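Scroll down for the structure; my scribbles are underneath it.
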Amino acid sequence: MLKGKKIVLGITGSIAAYKACYIIRGLIKAGAEVQVVITPAGKEFITPITLSALTQKPVISDFFSQRDGTWHSHVALGLWADAMLIAPCTASTLGKMAHGVADNMLITTYLSMKAPVFIAPAMDLDMYQHPTTQENLRKLQSFGNQVIEPQSGFLASGLEGKGRMEEPEQIVAYLDRALSATTPLTGKKIMITAGPTYEKIDPVRFIGNYSSGKMGFALAEECAARGAEVTLVAGPVSLKTEHPNIRRIDVESCEEMYQAATQSFTDSDAAILCAAVADFRPETVAEEKIKREHDDLVIRLKPTHDIAAELGRRKRPDQVLVGFALETNNEEVNAHHKLEKKNLDFIVLNSLRHEGTCFQSDENQISIISPTGQKDYERKPKDLVAADIINELSAIL
């Protein structure tokens, strides 16, 4: 979605300014046009010559050129841009932005900006945690600016903590998602299940599986980036969501996921059932930890709710239902059977035969099977797999 976009990149006086080179490279590689506006302090950390060589544009720092009197119009920049990104953004610049202190070209450009503004803070941990900084961030967000949260890590001061600017590739990806908000999914409500379920045996043990939730979370981010209102019903995973259009419901057991999914599906336009839900749970759950008193232990199991089948029965003609099938044998036959039995519009098939593409992996290799045919895809990162799946969903919606 960055192709053809005009981006004003604001750079301030932070040691993280060197990362702006990688941001520029990522934006231009994605097809964007970049105009750098840098503060006087920013030029102490990185030279305009370097930035100009990367953008193929003169770098703007002052209101006018001392050499020939050329006027740099902050108003024109505000009308030209599709987005403004300030990365790195120091505590000083945050304060000026929040209170309208227009004493340099970057702030006047910000105050004139008609396009969305994205802020990537970078500072030491104590500065970031200071109540003044946090209040300025809240104020800027209330104005409609989007803050790309800094990460925790090793800082220039030698300390470790939150304040390290997000990595350039993640910043570029954030902009790409945010600028693709007006799409065929705008206004659509989509429910997605993700991750495993845990079925308790006793207070410390459970029946579960290896699902990391990465595929489901990638689908949620992709749908939200395309404008959908996403409800993500997530099993016990360590992942975080990024897009503000994702409403997350955390559950643990199949029963909890069933209740959340059936309730959310009622007013959804579509549902994607990506979770690896346990098919069985213990008939009884011990109140205390089971001791190893015998050579064997028998646990009687009973079936859990079949969430896909239940939603398939409830599905209205104006709703779309997408399922997943992870198979170890007779993959296509089993997937077709599940597609028909559970009243799915299409099913995403992946196989343990494709080593390193299922549980815990950052990649996947899928086939999309529908009543009208089958599409096979190459192995690729899960965020790109998510895009393929949502392309199919968008075509139906």
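Structure notes:
- The range 338-397, residues that are part of a loop (DSSP other than H, G, I, E, B) and free of Cβ contacts under 8 Å to residues at least 12 places away in the same chain: Glu355, Gly356, Thr372
- Residue in the range 307-317 that is within 18 Å of Phe206 (Cα to Cα), touching a residue at least 12 places away in the same chain (Cβ under 8 Å) and surrounded by 19 or more Cβ atoms within 10 Å (Cβ to Cβ) present: no
Yes/no matrix, rows are residues, columns are (1) modelled with pLDDT of 90 or more; (2) more than 21 Å from the chain's Cα centre (by Cα); (3) exposed (fewer than 13 other Cβ atoms within 10 Å of the Cβ):
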position: Lys96; (1), (2), (3): yes, yes, no
position: Leu106; (1), (2), (3): yes, yes, no
position: Val117; (1), (2), (3): yes, no, no
position: Gln134; (1), (2), (3): yes, yes, yes
position: Ala156; (1), (2), (3): no, yes, no
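- Beta carbons closer than 6 Å, at least 6 apart along the sequence or on distinct chains, pair a first residue in the range 172-191 that is over 9 Å from Ala224 (Cα atoms) with a second that is open to solvent by 50 Å² or more (accessible area, probe 1.4 Å) and at pLDDT below 80 for Asp176/Met1; Leu179/Met1; Ser180/Met1.
- In the range 183-204, residue most open to solvent (accessible area, probe 1.4 Å) [restricted to those that are farther than 27 Å from Pro282 by Cβ and modelled with pLDDT under 95]: Pro184
- Of the criteria (1) farther than 20 Å from Ala32 by Cβ; (2) part of a strand (DSSP E or B); (3) open to solvent by less than 20 Å² (accessible area, probe 1.4 Å), which one Ile86 fails: (1)
- Top-ranked residue in the range 136-154 [being open to solvent by less than 20 Å² (accessible area, probe 1.4 Å) and under 14 Å from Ile119 (Cα atoms); ranked as farthest from the chain's Cα centre (by Cα)]: Asn136
- Residue in the range 20-35 that is acidic (Asp, Glu), assigned to a loop (DSSP other than H, G, I, E, B) and open to solvent by 20 Å² or more (accessible area, probe 1.4 Å) present: no
- Residue ID - nearest to Gly312 (Cα to Cα), chosen from residues in the range 268-289 that are of a type outside the set (Phe, Trp, Tyr) and open to solvent by 50 Å² or more (accessible area, probe 1.4 Å): Asp279
The values are calculated or read from the model by the stated rules, or taken from the named source; none is laboratory data. If you're wondering where the values come from, they're calculated on a predicted model, not measured in any experiment. Reconstructed Cβ throughout: ideal geometry from the backbone, glycine too, with neighbour counts over all protein chains shown. Accessible surface areas use protein heavy atoms only, side chains included; no ligands, DNA or RNA. Shrake-Rupley method; radii C 1.70, N 1.55, O 1.52, S 1.80 Å.
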